[in-house]
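Shown next, in structure tokens, is the structure this report addresses.
The values are calculated or read from the model by the stated rules, or taken from the named source; none is laboratory data. On a predicted model such as this, the values are computed, not experimentally measured, just so you know. We place every Cβ from the backbone using ideal geometry, glycine too, and count neighbours over all the protein chains shown.
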Amino acid sequence: MKTGIFICHCGHNIKHTVDVKKVRDYFSKLPNVTVSMDYPFVCSEPGQDMIRENIEKEGLDRVIIASCTPSLHQDLFKDLLKKAELNPFLVRRVGIREHCSWVGDDLEKNTEKAIRLIRAGLYSAAHHVPLEEKRVDVTKSALVIGGGVSGLSAALFLSKMGMYVYLVEKEERLGGHVRTLKDIWPIRQDGEDVISQMEAELRARENVEVFTSTAIGSFEGSFGNYEAVLDTPTGERKITAGGVIVAIGFSPFDARMKPELCYGRDERVMTTIDFESRAGSLAVPDKPRIAILHCVGSRDEQIGKPYCSRVCCINALRVGNAIKDKYKDSYVESFYMDVRAHPRGGEEFFEDTQEKGVLFTRGNIAEIIPGPDGLLVRGEDTLLAEPFEREFDLAVLSIGMSPPVDSTLIASLLKITLDKDKFFLEAHIKLRPFDTAVKGIFISGTCSGPKDMEEAINHGRASAVKLFGFLNLGYAFVDPFIAMVDMKRCSGCRMCEKACVAKAIKYDEVKRIVRVEEAACMGCGLCNSTCPSSAIGLKGYVDMMIDDEIGALVEAI
Amino acid sequence: MEDQAGKNPQIIGFACSFCTFKASEMAGSLRMKYPEGVRLIQVPCSSRVDPAFVIKSIFEGADAVFVAGCHPGDCHFIKGNYFTRRKIAALKEMFDAFSMKEKLRLFWVSAAEARRFVEKVTAMHDEIKEAKDAGKTN
């Protein structure tokens, strides 16, 4: 066996806290290591060429890449081995960045840890065997959950690319929150118009089925062939979809969670959404005094919403603008923490609003006290560092976005993860922002964190493109990490059969041993750890590999 | 037996690919710090952890072992972690019989809980180290 070890510096990311030369020298002395090298970036093209040259020159049959965490760039290194005419499963990735150099500061201890981690990879790689990637047939159809603006744009794209689309919406009508919005900045169009255009386009397509007032009853299967039962008003409907896009949107922040603002107890305190729907029928004097509160339900640790909702600053500006347009002599004061007018043209809009006469006071509002003639707003001016009290006729709360009410339900049905704020978690914030940890399930729109409309549409389309790429060929390759039975060792005790969650293990009455149905096996390895005779093994994670890893991690250096 | 006091503990952790290993990746990306003695072995699901691995880790010289997976109900493999919970509970009884109950821990960390991961492993490391320094460990 000829093993090559390639240690990445990752620029300074690894080199900074791991003595890569020492690690390299340690391994070059080991008997079963043919090549031990370090390189600034093994993922770069020269780095890849260097590895390939070494594989070809030295005839390596195991390649250990000590670099970032195994889930990053895995396909890159698999392709590299394929190019060098080696089986892609003979590469072993060792994460010495996320699991070593980034989590410790001590150079000496980190170097020791890196050596142990790489050694575990080395020992384990000895048991790697060439594997064939499993080819699965993929249904060219997609389930889009949520018919808001993001889900609609994803569904439209997929349908235009020839995928069959099932669009599921919980409510009676499509469009989500956008449908209720008026005069959307900066396009100055009503949400109703935007949505009806999209809806008309979607309904005219033949390869789209729209289910409204529908919930997801159950969800099973694996990538390429997910099976869902939809609870439609006309009864249950079973569908098979190759992939899923989750676009269940957000819930507006419930301002009653901040009782000191008196929302829901006094009509004169309203949210930006209420203001929009009631703008025509407001009972205010000719020269109204109106307060606008930013960051209600955002950037607030006390109520568990530490994040910025990204859209409410622009919303607050819109309200200020609208009031100034309608009542020239009004007194409008905006209480803000920071004005984050980040979309294109946002800063100009902010300046515009200031020029129209909306006052901006940097301050925290402590409470709103309703009185017979008006609302008393009390708070602290954080620039002057002094408390203030002012009378207003109306207070508009610019509320933020909360995670969708169904996020926990959908997460447990689809087995995808939520982040700490209960929005959906992406697989990698920068490298895989649309993927979930589950292959073929994507997230789109505000259900993965607050977004404005433009971003939600882009997110939906991007997820759709990613899913299209997965489904387009009609087949896909998945990792072959499934269970296999050693027929000589199997005693036919059937313990694995009882344990298997996927029901992938079948008992052969004639031979009196079990066999694995490869298509059904999920690859969890439960059977492997259940078998008393070590007769069933999970490819890629066989007992010997883990046994040797354990030894390598604690053995003296 | 050589003097164990003053030495940093070596802890082996079995981390499931979908939750705890992801959380550890996130902890790394966020540059959170935890002791070098904590080393992970990636397994597809916590149910892949054979009790024999835990025993072997102790035999080989690890001071403690933890098994970590997705929260109950969140298992990517539907209910693998329920099996883990039962298996580890039985194993704990055995460890208890050998007065080394504190050497085995089971906890749940979701992919988003990088901070929880770091808190759990650091606390475990510190407790094991304290016991070691006091000479209470066998």
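Criterion first (over 30 Å from A:PRO306 (Cβ atoms) and within 16 Å of the chain's Cα centre (by Cα)) does A:LYS422 satisfy it? Please lay out each step first, then the result.
Working: over 30 Å from A:PRO306 (Cβ atoms): no; within 16 Å of the chain's Cα centre (by Cα): yes.
Criteria not met by A:LYS422.
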With the stretch A:352-413 as the region, which strands (runs of 3 or more DSSP E) entirely inside it contain at least 1 residues that are of a type in the set (Phe, Trp, Tyr) and surrounded by 13 or more Cβ atoms within 10 Å (Cβ to Cβ)? A:359-370, A:386-392
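Kindly check whether there is at least one residue in the stretch A:122-141 that is farther than 30 Å from A:CYS521 by Cβ and touching a residue at least 40 places away in the same chain (Cβ under 8 Å).
Going residue by residue through the stretch A:122-141, those that are farther than 30 Å from A:CYS521 by Cβ are none.
So far as the stretch A:122-141 goes, no, none of its residues is farther than 30 Å from A:CYS521 by Cβ and touching a residue at least 40 places away in the same chain (Cβ under 8 Å).
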Candidate set: the stretch A:451-482, residues that are within 14 Å of another protein chain (Cβ to nearest Cβ) and either in contact with a strand residue (DSSP E or B) (Cβ under 6 Å, 6 or more places away or on another chain) or closer than 24 Å to A:GLY176 by Cβ (or both); chosen: the one modelled with the highest pLDDT: A:PRO480
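Here is a yes/no grid of residues against (1) touching a strand residue (DSSP E or B) at 6+ places or on another chain (Cβ under 6 Å); (2) closer than 30 Å to A:GLY523 by Cβ; (3) modelled with pLDDT of 95 or more:
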site	(1), (2), (3)
A:PHE157	no, no, yes
A:TYR166	yes, yes, yes
A:ILE195	no, no, yes
A:ALA204	no, no, yes
A:THR212	no, no, yes
A:GLY224	yes, yes, no
A:ALA228	yes, yes, yes
A:ASP231	yes, no, yes
A:VAL246	yes, yes, yes
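Can you tell me which residue is farthest from the other protein chains (Cβ to nearest Cβ) among those in the stretch B:25-42 that are hydrophobic (A, V, I, L, M, F, W, C) and under 13 Å from the mean Cα position of the chain (by Cα)? I'd like the intermediate steps shown before the answer.
Looking only at the stretch B:25-42, we keep the residues that are hydrophobic (A, V, I, L, M, F, W, C), and these are B:26-27, B:30, B:32, B:38, B:40-41.
Imposing the further condition that a residue be under 13 Å from the mean Cα position of the chain (by Cα) reduces the set to B:38, B:40-41.
On the way: B:VAL38: 9, B:LEU40: 6, B:ILE41: 5 Å.
It comes out as B:VAL38.
Is it true that A:LYS160 is among the basic types (Lys, Arg) and not assigned by TED's automatic domain parsing to the domain that holds A:LYS22?
Details: among the basic types (Lys, Arg): yes; not assigned by TED's automatic domain parsing to the domain that holds A:LYS22: yes.
In short, yes.
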Within the stretch A:217-241, can you find the residues that are under 23 Å from the mean Cα position of the chain (by Cα) and assigned to a loop (DSSP other than H, G, I, E, B)? A:PHE223, A:GLY224
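Being within 12 Å of another protein chain (Cβ to nearest Cβ) and closer than 14 Å to A:LEU553 by Cα is true for just one of A:SER124, A:SER101. Which residue is that? Break it down into steps so the answer makes sense when it comes.
Working: A:SER101 fails: closer than 14 Å to A:LEU553 by Cα.
Testing whether each residue is within 12 Å of another protein chain (Cβ to nearest Cβ) and closer than 14 Å to A:LEU553 by Cα leaves just A:SER124.
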Tell me, please, whether a residue that is within 30 Å of the chain's Cα centre (by Cα) and β-branched (Val, Ile, Thr) can be found in the stretch A:464-478. yes
Does the stretch B:43-51 include one or more residues that are outside any loop (DSSP other than H, G, I, E, B), buried (at least 24 other Cβ atoms within 10 Å of the Cβ) and more than 7 Å from every other protein chain (Cβ to nearest Cβ)? yes
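Have a look at A:VAL485, A:VAL514, A:VAL542 and point out the one that is within 14 Å of chain B (Cβ to nearest Cβ), surrounded by 15 or more Cβ atoms within 10 Å (Cβ to Cβ) and not polar (S, T, N, Q). Spell out the reasoning first.
Details: A:VAL485 fails: within 14 Å of chain B (Cβ to nearest Cβ); A:VAL514 fails: within 14 Å of chain B (Cβ to nearest Cβ).
Residue meeting the stated conditions: A:VAL542.
Could you tell me whether A:SER448 is touching a His at 6+ places or on another chain (Cβ under 8 Å), more than 14 Å from chain B (Cβ to nearest Cβ) and buried (at least 22 other Cβ atoms within 10 Å of the Cβ)?
Working: touching a His at 6+ places or on another chain (Cβ under 8 Å): yes; more than 14 Å from chain B (Cβ to nearest Cβ): no; buried (at least 22 other Cβ atoms within 10 Å of the Cβ): yes.
No: the conditions fail for A:SER448.
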For the stretch A:17-42, which positions are in contact (Cβ under 8 Å) with a residue 24 or more places away in the chain, in a loop (DSSP other than H, G, I, E, B) and either touching a helix residue (DSSP H, G or I) at 6+ places or on another chain (Cβ under 6 Å) or surrounded by fewer than 15 Cβ atoms within 10 Å (Cβ to Cβ) (or both)? A:THR17, A:VAL18, A:ASP19, A:LEU30, A:ASN32, A:PHE41
When residues of the stretch A:517-538 are limited to those that are surrounded by fewer than 23 Cβ atoms within 10 Å (Cβ to Cβ) and more than 22 Å from A:PHE219 (Cβ to Cβ), the one farthest from the other protein chains (Cβ to nearest Cβ): A:GLU518
At least 2 residues that are within 30 Å of A:ASP193 (Cβ to Cβ) and within 23 Å of the chain's Cα centre (by Cα) in each: list the helices (runs of 4 or more DSSP H) lying fully within the stretch A:62-179 that qualify. A:149-160
